[in-house]
Structure formats: C-alpha cells, structure tokens
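The values are calculated or read from the model by the stated rules, or taken from the named source; none is laboratory data. All of these numbers come straight from a predicted model, not from anything done at the bench. Cβ placement follows ideal geometry from the backbone for every residue including glycine, while neighbour counts extend to all protein chains displayed. Just so you know, the surface numbers come from the protein's heavy atoms only, side chains and all, with ligands and any DNA or RNA stripped out. Shrake-Rupley method; radii C 1.70, N 1.55, O 1.52, S 1.80 Å.
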Amino acid sequence: MLTLRLALRNVLGTGIRAWLNALIISLALVVATWNQGLVSGMDEQAAQAAQAIEFGGGQYWQEKYDPFDPLTLDEAHAPLPPALQALVDDGRAAAVLVLQGSIYPRGRMRSILLKGIDPGQPILDFPTAKITADGGELPALIGGRFAKAAGLARGDSVTLRWREPGGAFNAQDAAVAHVMSTTVASIDSNQVWLPLAKLQEMARLPGEATLVVLARGTPPPPAPPGWTFRDADYLLRDLRELVKAKSYGRTIFLVIFLSLGMLAIFDTQVLAIFRRRREIGTLVALGFTRGQVIRLFTLEGALYGFLAVILGALYGLPLLWLQARAGFPVPTGTEDMGISIGERIYPAYSAGLILGIVLVSLLVTTVVSLLPTRRIARLKPTDALRGRMS
Amino acid sequence: MADEKLIRTENLVKIFPMGSSKVTALNRVTLSFQAGEFAGLVGPSGSGKTTFLNIVGTLDAPSSGSAFVLGRTVEGLSHREAAWLRNRSIGFIFQTFNLLPVYTAYENVEFPLLLLKTPAAQRRKMVMDALDWVGLADRARSRPAQLSGGESQRVAIARAMVKKPPLLLADEPTANLDAENSHHILQTMEKLNRQLATSFLFATHDEKVIGYLRRKITLVDGRVAGDENCRARGAEGTEPC
C-alpha cells in the first residue's frame, strides 16, 4: 500500500509528463479498441448479411454440387427428396436450381450462373418477388454490380443461353425486371436470378434443385441420401478466414501503435532511474529493500497504463459509442473484397474485447516498466546516495 | 556474535576497485562506540569517513574484518535484514538532505513510520512531536522545494529521529548550510542526544561540527590517526575538540 501510494505520488508529481505518457498509451488503447471493434463489427455484419441473404440457417447441397467448380453444375441437381420438399412446402426452406450459362449484352458473351428461386420464397432477404412471372417476357433479377459490369439496366432485354441435359444449347430472351442493391457480392456478381419453375422448365429439369436453403432457426432434419447438409459455420468459414486475415493485419498495426506508447514508458523509466538515483539511495537508507524499490518503479510505470485506461475511458468511450451508433462509411471498392458489408460498418465492442485490450496493455506496460528496473538491482545504495550509477 | 557496545569494528578493511587498480578506503580500523555518544569521524576528503559510516549503517559491507552494530554482525546480514535494521534502529542525515521531493515535510517525516506500520493515531503524534522538536511544526505542509536549506535539514533530522532510533549517522550534515543554520542544526542534534539519549556518529571536516563533538576520531588514509575525548560545549574538564 505504501509503495502504491508513493508510486502514485511520484507519477502525479511529474505533472504534464505523466499525462502526456498516459495520453499516448490511451490513444493506442482507443485506436486498438476501435480497430478491433471495426473488425468485429465487419465480421458480425457480414455474417448476418450472408445468413439473411444467402446462406439462411444452413443449406442442403446436392452431392455433386461444388460452388467452386462450375463444371460440376451440369450434374449437380436432383429431384427434391420428400423431406426437403415438405420443408419447402411449409415455407421453411427455399429450393435453388443453379445452372451454368451465358448472356450476350451488347454483343459480348459473359459467363454467368443462372439461378432459379421461387419468387414468393420467405427465406432469403432479397427481392425475389420482383421476378414473379406474369406471362410476358421472362423476368430476370440481377445485382447492381453485375448490372454495372454488363452495362444492363432495368427493362433491358438480354439473351440467355444454357445447356440442356442432353448437351444441346438452348436460348431465350429475358427482361431485367429489377436491379437489386445488395451487400452480398456472392448473389450479385455474374448471376441472373429467374423464377424457379421457369428455369426448371427451360432446363427440362422439373422438380429439381441444386440446393435447398433452410430458414434460420429451423432445426435441420437429417440430410436425405444424395444430399449433404452444410451448416452456417461451414458456409461462413471462408468469410471468417477473410475477416481473420484482416484482423491479423490490424493486429500488426495495433502492435506498432502500442509499441510507440511502450517506448515512451520505457524511456521515462530509464530516465527516472537515472535522475532519481539519490532518491533510490535514500529509500534504501530509510529501510526499503531493493525489491521494494524495484516494485516502486515498476508500479510507477504500470500506473501510466492505469492512467491511460482512465484517460482513454474519458474520451474514448463516448467516441467509440458515437462511432458504434453512426457507423463508419465503407470505402469504395471494399465491396469487391468478398465481404458482405453494408454502406456503413457499425463497429461492435464487446466487454471481452475492451477488457482484453485493457488487460494486454496493462500487462505490457508492467513488463516494459519492469525491464529498466534491473538497473536498480545492480545499483549500490552508497553510490546511489551520491548520485552515481554503479 | 552479539555485542553490548553500540558499534564495534575489528580490523575493518574496505577496498574499492578503481579501474585496474584498487583503493583502500579503510585499513584495519578497530573502533568501538558506547550508547549515548556524540562522536565524529574527522579527516580530509578520501580518508574513509563516509565509508565507515556506510558500513556501520549497513549500506555497504566490509572487504574484510568485522563490524558489529546494535548487536548484529554487518557482514552477515542479508539485504532484507539490513533494511529491517536500518528501518528500525538507524537514522540517517545526509549532506544533501535527501528529502523525497513529492512528499510534504509531514509526509517525509512520516515515511519511516509507515514502513514500520505504526498505527495512524500514534504516527500523527510522533510526526508532529518530531517536527515540533526541530521547530518546524508550522511548515508541516510545505514541500522540500518550498523549504530553505536549514529547514530541509531540520526536516531530515525529524525524519531520522521520529522513530527514536538508538543510532543516528550524519554524513557532513552542515556542508550545505550557512553558519547560523549549522549551529541551529547542531544544537538540535545535541538536544536530541542529551534528552533522548540518541547516539550520534558524524562524518565531517567542518570545524563547526567538530566544536560540538564529545569524541573526535581522526582518520587519515583509511587509518585511525587519533581518538580523543573532548569537552562538551559549556562543560568543564577536558579540552574542546
């Protein structure tokens, strides 16, 4: 207690220098928290968007379906087994048929994926209702990115070409019924969404689907033979990996920033030991052991960490709270990185995140404060009293 | 080995390495001091006065020989035991006062009692008594930077005597003070010695201090060159130092 009291007095006694050191560390803390919060928010938002718009509560895949191998698509479809059909009929799942195809906007061929989905499906949160067939031209739903890349707009007509099961090519014109704005790039890029029944009819695959998306919160029944269930964790793993990779990058940034703060403490400690040799000698003469002196100086350094936490809480918490409410505008081009995020990222700060960063900072501050005190262990009290270094 | 004398040294030797050579600061010094003495080590710079004080104060260990202080063998003490002995039984007064700069006069004097874990009420009384003794009760809230040299040294004396140690070691206590303050300080110390029976051992070459001593040990080149009892100021009998 005495050591702590003395340490506190010594730190506060240095006046503006103490607060400058604390300010530097607090900046590192706040920026680190903001940074990690941004990654967490991105992760959370992306996962939620991906689940709401693409993955649902998991998917049953036809056994030959491999989303990373378009060549499997010719055979990756099968009639819906009764168990899955029942889910679809109950409105707890949506069937999707995926075929490889191409379009010819402005006379240029583009490879695409033709995806059939029931326009009235309630499972995935994107405007499938816009492709309700009304007996006129085949309605197609495309994403904003694809529309921009292919030079298509609402009302445009485009020729679709696909391969039938026998191997023959077939083609039909479709009208762009709606251009959707979505944060999930994987339902947008090079994809044309059509009414499921129409696509089944066009491809001569009545009642068949490539995958079945389960509604969120629905307990998944066992996968029927020939189908594989992929849960949300499996479907989100690429996304998680991507976020993790970004998190590593940000951690390096955090380490660099924190190191600058620690350098300030290290420097202060080294200087303090040098300037306060006589005081060290006096403390020893008054009955302090070397261990107590080392503890005192270490505590002084660690107190900068505590001051930084207090200071950081004073200005950082309101700032972080505001940021979490207002969000952070996503820079142009981020949407093409493969992460489904909205126009703004809303950082997510958990108690664990804040506590973790605070604890790591306090630990690192203490260790950094301890390192220069090894000098004290070598310092002879008689030399210290005369203001000399041993 | 326990010893009834306050301090006893036998063939005390202290050698300091100085680059590739060695300097003998104390050369077979054998001395003893009784409780209640007001004694001083005098001699030119480099004669070994401070070294002797440091060893007796358990801040340093001898190269060879023995030093017994308050019944304890200095060379056999661990760091912790030495700190404990200094904390309980030895008071230090330095040439440069060595007050803790962030503490007030009151807190500086209180510091040794905090180390001794003295209860708060008793501590307050002891601190105020000590400040009263040195005539600085009214400066209790002042910080060292706000005190004059004389006042600082009086606070240092209060800090050294607040725990009522049997032994006070003073290394050139008047070197940074003017004549008036020096006499004031020395009178305070003399009063302490008489009224509280605190033993004083000085290291000094200041004639003003020497004038107050009742025993003068002269050190030259680390050896005892003289040891004489002197008449206390105002007393009759022996010659003044």
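The condition of being more than 18 Å from B:F94 (Cα to Cα) and open to solvent by 10 Å² or more (accessible area, probe 1.4 Å) does not hold for B:Q187. Working only within the range B:115-138, note down all residues that are open to solvent by 30 Å² or more (accessible area, probe 1.4 Å) and not in a helix (DSSP H, G or I). Residues satisfying the conditions are B:L116, B:K117, B:P119, B:G135. Condition check: among the hydroxyl-bearing types (S, T, Y), open to solvent by less than 20 Å² (accessible area, probe 1.4 Å) and in contact with a Phe, Trp or Tyr (Cβ under 7 Å, 6 or more places away or on another chain). Does A:T33 satisfy that? Yes: the conditions hold for A:T33. Set side by side, the residues A:L322, A:L296, A:L307 differ, and just one is assigned to a helix (DSSP H, G or I), of a type in the set (A, V, I, L, M, F, W, C) and more than 30 Å from B:P101 (Cα to Cα), which is A:L322. Annotation: of all residues in the range A:233-257 being among the small types (G, A, S) and loosely packed, with under 14 Cβ neighbours inside 10 Å, the one that is nearest to the chain's Cα centre (by Cα) is A:A245. State all residues of the range B:14-49 that are in a strand (DSSP E or B), open to solvent by 20 Å² or more (accessible area, probe 1.4 Å) and of a type outside the set (S, T, N, Q); if no residue qualifies, say none. Result: B:K14, B:I15, B:F16, B:P17, B:M18, B:K22, B:V23, B:R28. When the range A:181-194 is filtered for residues that are crowded, with 22+ Cβ neighbours inside 10 Å and at pLDDT 90 or above, the ones remaining, listed by number, are A:V192, A:W193, A:L194.
Here's the yes/no breakdown for (1) over 24 Å from A:G387 (Cβ atoms); (2) open to solvent by less than 20 Å² (accessible area, probe 1.4 Å); (3) away from chain A (no Cβ under 13 Å):
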position: B:T51; (1), (2), (3): no, yes, no
position: B:T73; (1), (2), (3): yes, no, yes
position: B:H79; (1), (2), (3): no, no, no
position: B:R86; (1), (2), (3): no, yes, no
position: B:L100; (1), (2), (3): no, yes, no
position: B:E107; (1), (2), (3): no, no, no
position: B:L113; (1), (2), (3): yes, yes, no
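Given the structure, is B:L196 modelled with pLDDT under 90 and open to solvent by less than 70 Å² (accessible area, probe 1.4 Å)? Here the answer is yes, as B:L196 does meet what is asked. Residue-level check: of (1) at pLDDT 95 or above; (2) open to solvent by 10 Å² or more (accessible area, probe 1.4 Å); (3) not small (G, A, S), B:L201 misses just (2). One residue stands out among those in the range A:371-382 that are surrounded by 17 or more Cβ atoms within 10 Å (Cβ to Cβ) and part of a helix (DSSP H, G or I): the one that is farthest from the other protein chains (Cβ to nearest Cβ), which is A:P372. Here B:P166 passes the criteria (1) open to solvent by less than 10 Å² (accessible area, probe 1.4 Å); (2) within 13 Å of the chain's Cα centre (by Cα) except the one numbered (1). Within the range A:192-221, the set of residues being in contact (Cβ under 8 Å) with a residue 60 or more places away in the chain and in a loop (DSSP other than H, G, I, E, B) comprises A:A203, A:L205, A:G207, A:T210, A:A215, A:R216, A:G217, A:T218, A:P220, A:P221. Inspection of the range A:150-172 finds a residue satisfying the criterion of being part of a loop (DSSP other than H, G, I, E, B), among the aliphatic types (A, V, I, L, M), in contact with a helix residue (DSSP H, G or I) (Cβ under 8 Å, 6 or more places away or on another chain) and surrounded by fewer than 18 Cβ atoms within 10 Å (Cβ to Cβ).
Is it true that A:A95 is modelled with pLDDT of 90 or more, assigned to a helix (DSSP H, G or I) and out of contact with any Asp or Glu (no Cβ under 6 Å at 6 or more places or on another chain)?
no
Under the condition of being open to solvent by less than 10 Å² (accessible area, probe 1.4 Å) and either of a type in the set (A, V, I, L, M) or part of a loop (DSSP other than H, G, I, E, B) (or both), which residue from the range A:273-286 is nearest to the other protein chains (Cβ to nearest Cβ)?
A:A285
Would you check which residues across the range A:288-301 are facing chain B (nearest Cβ under 7 Å) and open to solvent by less than 10 Å² (accessible area, probe 1.4 Å) and list them?
Of everything in the range A:288-301, just one residue is facing chain B (nearest Cβ under 7 Å) and open to solvent by less than 10 Å² (accessible area, probe 1.4 Å), namely A:F288.
Cβ-Cβ distances below 6 Å connect the following pairs, each with a first residue in the range A:1-26 that is at the interface with chain B (Cβ under 10 Å from one of its Cβ atoms), a second residue that is among the β-branched types (V, I, T) and open to solvent by 10 Å² or more (accessible area, probe 1.4 Å), and a separation of six or more residues or different chains: A:R9/B:V102; A:N10/B:V102; A:G13/B:V102. If you filter the range B:53-68 down to residues that are small (G, A, S) and open to solvent by 10 Å² or more (accessible area, probe 1.4 Å), you find that the one that is nearest to the other protein chains (Cβ to nearest Cβ) is B:A61.
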